[in-house]
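This report concerns only the one structure given below.
The values are calculated or read from the model by the stated rules, or taken from the named source; none is laboratory data. No experiment lies behind these values; they were computed from the predicted model shown. Counting neighbours? That spans all protein chains shown, and the Cβs are built from the backbone with ideal geometry, glycine included.
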Amino acid sequence: MSTVLDHDFLKHLAAIHDHAPGHQPPRLKWYLTTIIAFGGMNYPELIPELYQILLREHIHEEEQMQETRKIREGLTKICGIWGAAKTGSATRQLSKATPPRLKDPTVYRSREPQEVAFKRGQEMLDQIYKRIPGYDMSLVSEASPDYGWIVNNLFYGHVFSFPDILDAVETGQCVVAALFSTDCQEQVRNHMLGMMYSGATRGEVEGIRAVVMAVADKLGVVGKQGRRAIEVPEM
């Protein structure tokens with residue numbers, strides 16, 4: 001075991017992630033936040049070791065296929081946050097450690113019509129951004145019309161809002177963890193609000209923040225000019 005992934009540290013991550021009241025067992029998994037933090041901070045090489053520990057000690061055999069699929073989907077979704085390079089590195093590292101029985105060759109998104117995805121993506125955008133005071137949704141397309149189209153239709157339509165593996169709150173978990181781990185302070189504030197608008201509790205969002213900060217401290221990763229992660233905003 002690496003000096004990073006010792007038993008006490010992993011136990012600490014689970015404890016600070018899962019302190020949210022009202023959901024026992026916790027509906028959001030500490031290890032999904034942790035794996036995304038490793039990828040975002042450019043430590044994808046830690047993913048295989050953690051994943052193998054999870055299979056041995058934390059995820060029951062009957063749940064391993066579902067949980068592996070969720071981890072893979074979380075890393076896939078956040079290609080729209082941190083880019084294809086980081087997602088590619090993280091998913092390849094996960095794949096190296098995945099037993100053949102837990103591989104899944106299905107291309108889930110190939111089965112849905114484009115118009116369905118586009119409509120669902122717009123609904124997700126409205127759910128998040130129309131409720132944030134002072135947020136101007138036109139700024140993205142004004143900055144770059146093509147980028148605006150890609151964000152609205154591809155990232156939100158086909159990627160973020162795809163519901164078959166992760167639900168809206170779990171997707172929010174992945175997005176918030178990815179933004180914290182890459183020090184995107186302005187964007188993470190909006191998505192923490194969006195996650196709570198989708199049904200997450202404040203405690204659940206605070207748990208994600210706490211785990212990413214703990215991973216950063218363990219790895220010696222600091223934000224721009226040494227800044228710390230912003231607090232969870234009030235609704």
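At a glance:
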read-out	value
Lone unmet requirement of (1) of a type outside the set (Lys, Arg); (2) free of Cβ contacts under 8 Å to residues at least 12 places away in the same chain; (3) in a helix (DSSP H, G or I) for Asn152	(2)
Only listed residue being buried (at least 21 other Cβ atoms within 10 Å of the Cβ) and assigned to a helix (DSSP H, G or I), chosen from Val211, Val140	Val211
Single residue of Thr87, Thr91, Thr98, Thr76 found to be under 20 Å from Phe38 (Cβ atoms), surrounded by 17 or more Cβ atoms within 10 Å (Cβ to Cβ) and free of Cβ contacts under 8 Å to residues at least 24 places away in the same chain	Thr91
Any chance Pro145 is over 21 Å from the mean Cα position of the chain (by Cα) and farther than 27 Å from Gln185 by Cα	no
Subset of the stretch 199-208 that is assigned to a helix (DSSP H, G or I) and either aromatic (Phe, Trp, Tyr) or under 16 Å from the mean Cα position of the chain (by Cα) (or both) - its residue that is surrounded by the fewest Cβ atoms within 10 Å (Cβ to Cβ)	Glu206
Unmet criterion (only one of (1) over 17 Å from Ile128 (Cα atoms); (2) crowded, with 22+ Cβ neighbours inside 10 Å; (3) aliphatic (A, V, I, L, M)) for Ile150	(2)
Residues satisfying the stated conditions in the stretch 191-228, i.e. hydrophobic (A, V, I, L, M, F, W, C) and within 19 Å of Tyr43 (Cα to Cα)	Ile208, Ala210, Val211, Val212, Met213, Ala214, Val215, Ala216, Leu219, Val221, Val222
Residue match in the stretch 215-234 (condition: in a loop (DSSP other than H, G, I, E, B), at pLDDT 95 or above and among the acidic types (Asp, Glu))	no
Filter result for Ile59 (within 20 Å of Pro100 (Cα to Cα), surrounded by fewer than 23 Cβ atoms within 10 Å (Cβ to Cβ) and aliphatic (A, V, I, L, M))	yes
Residues of the stretch 170-198 satisfying the condition of being in a helix (DSSP H, G or I), under 16 Å from Arg27 (Cβ atoms) and of a type in the set (Gly, Ala, Ser)	Gly172, Ala177
Wholly within the stretch 16-79, helices (runs of 4 or more DSSP H) carrying at least 3 residues that are of a type in the set (D, E, K, R), under 22 Å from Leu179 (Cβ atoms) and modelled with pLDDT of 95 or more	64-77
